[in-house]
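Contents: one structure, followed by commentary.
The values are calculated or read from the model by the stated rules, or taken from the named source; none is laboratory data. The shown structure was predicted, so the numbers you read here are calculated from the model rather than taken from an experiment. Counting neighbours? That spans all protein chains shown, and the Cβs are built from the backbone with ideal geometry, glycine included.
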Amino acid sequence: MGLFGGKKQSADPLVIAQQQRAQEEQEVNAAFLKGITALRDFIAPSSLEYSSTHFQLGTRYARTYYVYGYPRQIYTGWLGSMVNLDEVMDMSLYIYPVESQVVLQNLRKKVTQLEAGLQIDAEKGRVRDPAKQAAILDAEEMRDKLQVGEERFFRFGLYFTVYARDLDELDVVSHNVEQLLGQQLIYSKPATSQQEQGFNSTVPQLTDQLQIRRNMSTGALSTSFPFTSADLSQDSGILYGLNMHNHGLVIFDRFSLENGNSVVFAKSGAGKSFLVKLEALRSMMFGTEVFIIDPENEYQRMCDAVGGAYVRLSLNSNTRINPFDLPQVVDAEEADNALRSNLITLHGLLRLMMGGAQAQMAANGAAVMPALAPSEEADLDAALIETYAKAGITPDPLTHTGQPPTIADLYDTLLHMGGTGPQLAQRLRKYTTGTFAGIFSQQSNIDINNPLVVFNIRDLEDELRPVAMYIVLNYIWNKTKSDQRKRMLVVDEAWQLMKYEDSANFMFSLAKRARKYNLGITTITQDVEDFMGSRMGRAIVANASMQFLLKQSSSAVDVLSDVFKLTAEEKKRLSQFPVGQGLFFAGQNHVHIQVVASPTEASLITTNPQQVQAMQQGSVDVQGGGGGAPGGTIDLGNRLYPGSG
């Protein structure tokens with residue numbers, strides 16, 4: 001104990017050294033623990049080395065540019081090509097407002113100088129300088145707008161830093177960016193000997209150390225708004241895929257638009273059937289009924305999985321559809337016109353049946369005689385009315401519940417009437433007692449009440465396919481008018497209908513009137529040139545509020561680019577999209593979309609032969625469908641969806 005009761009300090013040098021060493025270790029540990037919790041230690045690169053033309057950030061090479069020249073006129077979205085460029089890039093926009101009074105004074109001085117220059121040139125007999133005159137006009141226009149407060153004035157600086165793995169790649173990226181801007185007459189330069197200041201100007205710390213700016217008005221400045229990628233999503237609807245601009249979800253309700261019609265254009269194997277089947281599956285979850293015309297037996301597995309009705313149409317099947325059936329409508333006005341409307345439809349069908357080759361040649365622009373002469377049209381009309389009358393059916397809606405006639409009854413009427421009736425009967429005989437007898441010449445034996453109905457026409461002869469599609473469309477249309485619910489009608493390989501004038505007109509009529517009956521028609525085709533080359537085809541596209549453009553053949557790109565007013569970048573990508581990606585148009589908006597499906601959905605709708613065979617053998621878990629299904633997976637919460645691999 002010391003004199004005052006304290007502990008006696010040890011005078012041993014070894015003990016003192018140990019105490020100092022322990023204290024230093026505590027301080028080092030405290031400093032270390034404090035340092036690793038600082039944010040800058042996590043984001044700071046391992047090294048930073050500047051040179052005159054570039055700098056090295058860790059293992060990456062980078063170069064900072066500034067924009068110094070702009071064209072006389074600049075258009076909205078010019079910065080969008082830079083924002084959507086598939087390169088690593090940092091970009092900074094600095095905007096400094098300027099007092100309008102100061103700008104007005106400077107503009108007045110500038111106009112005076114320019115006018116004096118023009119006057120001196122005129123006195124000395126020099127050639128007129130268009131650049132000076134254009135500058136005067138621009139300055140005077142700006143003065144007028146500033147004076148009334150229509151425009152404001154700003155100083156605008158644009159800097160960007162590009163990154164690469166090595167110097168060679170950096171030169172390539174730099175060249176691409178300079179060329180991209182140069183195509184729009186926007187000129188940029190690397191910040192030579194100012195790479196440090198340039199880098200500081202592009203990192204998010206709001207320090208403009210380059211201070212290279214350009215005068216811009218409000219209108220010109222608004223064109224540089226960088227977030228040009230569209231967002232297309234609603235609070236309700238179904239998931240169509242991922243927005244490749246911002247990786248958001250594309251959730252949409254097609255019936256929220258002006259009409260529920262859509263068209264799907266894609267080359268074979270690009271994913272059009274995969275997309276449509278996915279939409280049909282998800283729409284059914286929200287109570288939408290779906291009708292599908294299937295020309296290639298692509299929808300059977302999906303139909304069986306959800307308990308749908310699969311109707312197989314062929315000359316050997318027992319299925320019968322009578323085109324003379326009348327809709328049992330409730331609306332009084334529709335009931336009064338039911339017979340007349342069906343007579344008009346039958347006229348188109350019979351022209352297709354009796355003069356299909358002539359109709360096809362006419363649709364292709366060839367100069368041919370009409371499928372039916374005027375006298376034949378008149379006799380056919382009289383025969384149709386008489387055939388219904390023999391069955392006790394008149395324009396009175398009360399008679400429409402009786403059993404309708406068939407084509408065989410029409411054949412008998414034509415055979416025993418005067419004029420051109422017997423000749424028309426001979427042209428119709430192959431559908432009554434000839435090769436094509438049975439399938440459309442007897443009473444209907446289907447009465448389908450199912451959320452999903454697929455009509456398979458694969459086994460029909462080529463000559464019968466457009467006739468079958470026409471009759472099935474009319475059957476669906478009559479059912480739609482009889483019982484109005486939210487429905488989708490999918491017409492796959494619609495180009496087969498567009499080859500014939502009458503069936504194309506009928507298809508257009510459905511597309512135009514579908515909205516009234518809460519029906520959305522989906523038209524799918526891979527023959528874009530022929531579809532868009534016909535007047536009715538273009539009209540159907542114009543009456544569709546939703547369009548999907550998946551990967552296209554090179555010959556179809558120019559046609560679609562002109563119709564849909566695509567940008568140069570979209571036009572270039574249209575023939576290069578991977579399977580399952582494309583452009584999704586909804587009303588006035590459109591986005592770059594990646595179609596996504598869950599593994600279960602993909603296993604039901606894929607048409608890839610290898611995957612289908614593997615599933616039949618039970619040796620594969622499908623993560624993405626063929627015939628248009630993307631591969632790989634994207635994590636969306638607690639589910640895995642196939643995406644871009």
What single numbered condition from (1) crowded, with 19+ Cβ neighbours inside 10 Å; (2) touching a Gly at 6+ places or on another chain (Cβ under 8 Å); (3) under 28 Å from E377 (Cα atoms) fails to hold for N474?
(2)
Of everything in region 592-618 that's modelled with pLDDT of 85 or more and over 21 Å from S268 (Cβ atoms), which residue is surrounded by the most Cβ atoms within 10 Å (Cβ to Cβ)?
V596
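Of everything in region 301-340 that's assigned to a loop (DSSP other than H, G, I, E, B) and β-branched (V, I, T), which residue is modelled with the lowest pLDDT? Outline the logic, then answer.
Filtering region 301-340 down to residues assigned to a loop (DSSP other than H, G, I, E, B) leaves 306-308, 313-331.
From the residues that got through so far, the ones that are β-branched (V, I, T) too are 306, 319, 321, 329-330.
Working: V306: 89, T319: 83, I321: 86, V329: 68, V330: 61.
Result: V330.
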Filter region 575-588 for residues that are surrounded by 14 or more Cβ atoms within 10 Å (Cβ to Cβ) and more than 11 Å from the chain's Cα centre (by Cα); which is modelled with the lowest pLDDT?
S575
Please find, within region 278-300, the residue that is modelled with the highest pLDDT out of those that are more than 24 Å from G237 (Cα to Cα) and surrounded by fewer than 18 Cβ atoms within 10 Å (Cβ to Cβ).
Q300
Helices (runs of 4 or more DSSP H) contained entirely in region 163-223, each with at least 3 residues that are farther than 30 Å from Q101 by Cβ
167-182, 195-202
Can you tell me which residue in region 146-166 is modelled with the highest pLDDT, limited to those that are more than 30 Å from D86 (Cβ to Cβ) and surrounded by fewer than 17 Cβ atoms within 10 Å (Cβ to Cβ)?
R155
Which one of these is buried (at least 16 other Cβ atoms within 10 Å of the Cβ) and either among the basic types (K, R) or within 30 Å of D253 (Cα to Cα) (or both): K479, K430?
K479
